[in-house]
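Right, one structure below, let's go through it.
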Amino acid sequence: MISLALNGGSSRALNVLCLGCHSDDIEIGCGGTILRLAEQYPRSTFHWVVLSAIGVRKAEAQRAARMFVDSGNLRRLLLKGFRDGFMPFAGAEVKDVFEELKEKISPDVIFTHSRKDVHQDHRLVAELTWNTFRNHFILEYEIPKYDGDLGQPNVFVPLSAQTCRKKVRYIMKAFQSQHAKAWFRQETFLSMMRLRGMECNSPSDYAEAFYCRKLVL
Ligand SMILES: [Zn+2]
């Protein structure tokens, strides 16, 4: 189990696993924290896994991952072709992806979906994350959505306003296919970080927030 000191020495090389169901989930949920980690721990290694990245969404996922993490630090970019919305019905195949990952990496920190996310794909990936990685530090990120499932996260990562703007700029630039969706707006992403910043007294006013279900000190 890891002691992750965000304010600790920058010489440490973190091994980070980012899990997302769909292209843009990782970036929306924890993109600011990834930018901060990459800056603060420049020797870190990132493993980036998107389970449903098909066609233009695959190209967008590739582009975004490389915007958020320098190619030298991006050790693994795994883009799978599971159908959006149908992952629970392909559970065995999705679990196979996790089992293969487990054999190859043992991350210091894992970013994944929230177990209480109302999107069925998101929830499955959250469950498989816990089911697969049994001795790891897991942070569950949040994705705003029409259904409304935001809760009370208990881990906050303050982010500079500059980092937040960069996150939102990258998201809007990388995921052009999503611009037609009414919720996919700069204001949505900035508002989330502004509210979480308020809840943790962030000096910059902004933060991302996570659920930590288990922490070993
Ligand atoms: Zn998603």
Inspect the range 129-152 for any residue being at pLDDT 95 or above, over 14 Å from the mean Cα position of the chain (by Cα), more than 21 Å from F98 (Cβ to Cβ) and basic (K, R) and give the result as yes or no.
yes
Would you mind telling me which numbered condition in (1) surrounded by fewer than 21 Cβ atoms within 10 Å (Cβ to Cβ); (2) in contact with a helix residue (DSSP H, G or I) (Cβ under 6 Å, 6 or more places away or on another chain); (3) not basic (K, R) Y141 fails?
(1)
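Which one of these is hydrophobic (A, V, I, L, M, F, W, C), without any contact (Cβ under 8 Å) to a residue 24 or more places away in the chain and closer than 22 Å to M198 by Cα: V168, V157?
V168 is the lone residue from the list that is hydrophobic (A, V, I, L, M, F, W, C), without any contact (Cβ under 8 Å) to a residue 24 or more places away in the chain and closer than 22 Å to M198 by Cα.
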Identify, from the list H122, H113, H47, the residue that is under 14 Å from the mean Cα position of the chain (by Cα), under 23 Å from Q176 (Cβ atoms) and of a type outside the set (A, V, I, L, M, F, W, C).
H122
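For (1) open to solvent by 80 Å² or more (accessible area, probe 1.4 Å); (2) within 12 Å of the ligand (Cβ to nearest atom), each residue gets a yes or a no:
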{"residue": "D121", "(1), (2)": "no, yes"}
{"residue": "L124", "(1), (2)": "no, yes"}
{"residue": "T129", "(1), (2)": "no, no"}
{"residue": "F137", "(1), (2)": "no, no"}
{"residue": "P153", "(1), (2)": "no, no"}
{"residue": "S160", "(1), (2)": "no, no"}
{"residue": "A174", "(1), (2)": "no, no"}
{"residue": "S177", "(1), (2)": "no, no"}
{"residue": "A180", "(1), (2)": "yes, no"}
State whether one or more residues within the range 50-58 are open to solvent by 80 Å² or more (accessible area, probe 1.4 Å), in contact with a Phe, Trp or Tyr (Cβ under 9 Å, 6 or more places away or on another chain) and under 30 Å from F156 (Cβ atoms).
no
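Here is a yes/no grid of residues against (1) in contact (Cβ under 8 Å) with a residue 40 or more places away in the chain; (2) farther than 14 Å from A13 by Cβ; (3) within 16 Å of the ligand (Cβ to nearest atom):
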position: G31; (1), (2), (3): yes, yes, yes
position: L35; (1), (2), (3): yes, yes, no
position: A38; (1), (2), (3): no, no, no
position: L51; (1), (2), (3): yes, yes, yes
position: V56; (1), (2), (3): yes, yes, yes
position: A59; (1), (2), (3): no, yes, no
position: A65; (1), (2), (3): no, yes, yes
position: S71; (1), (2), (3): no, yes, no
For the range 78-105, which residues satisfy the criterion of being touching a strand residue (DSSP E or B) at 6+ places or on another chain (Cβ under 6 Å) and either farther than 27 Å from F137 by Cβ or within 15 Å of the ligand (Cβ to nearest atom) (or both)?
L79, K80, F82, D84
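Conditions (1) outside any loop (DSSP other than H, G, I, E, B); (2) touching a helix residue (DSSP H, G or I) at 6+ places or on another chain (Cβ under 8 Å), marked per residue:
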{"residue": "V168", "(1), (2)": "yes, yes"}
{"residue": "K173", "(1), (2)": "yes, yes"}
{"residue": "S177", "(1), (2)": "yes, yes"}
{"residue": "T188", "(1), (2)": "yes, no"}
{"residue": "S191", "(1), (2)": "yes, no"}
{"residue": "L195", "(1), (2)": "yes, no"}
{"residue": "S204", "(1), (2)": "no, yes"}
Any residue at all in the range 66-83 that's farther than 26 Å from Y170 by Cα and among the basic types (K, R)?
no
Anything in the range 182-217 that is open to solvent by less than 90 Å² (accessible area, probe 1.4 Å), aliphatic (A, V, I, L, M) and over 18 Å from the mean Cα position of the chain (by Cα)? List them, or say none.
A182, V216
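The values are calculated or read from the model by the stated rules, or taken from the named source; none is laboratory data. If you're wondering where the values come from, they're calculated on a predicted model, not measured in any experiment. In this analysis, Cβ positions are derived from the backbone assuming ideal geometry, glycine residues included, and neighbour counts consider all displayed protein chains. Note: accessible area is taken over every heavy atom of the protein model, side chains too, but ligands, DNA and RNA are not part of it. Shrake-Rupley method; radii C 1.70, N 1.55, O 1.52, S 1.80 Å.
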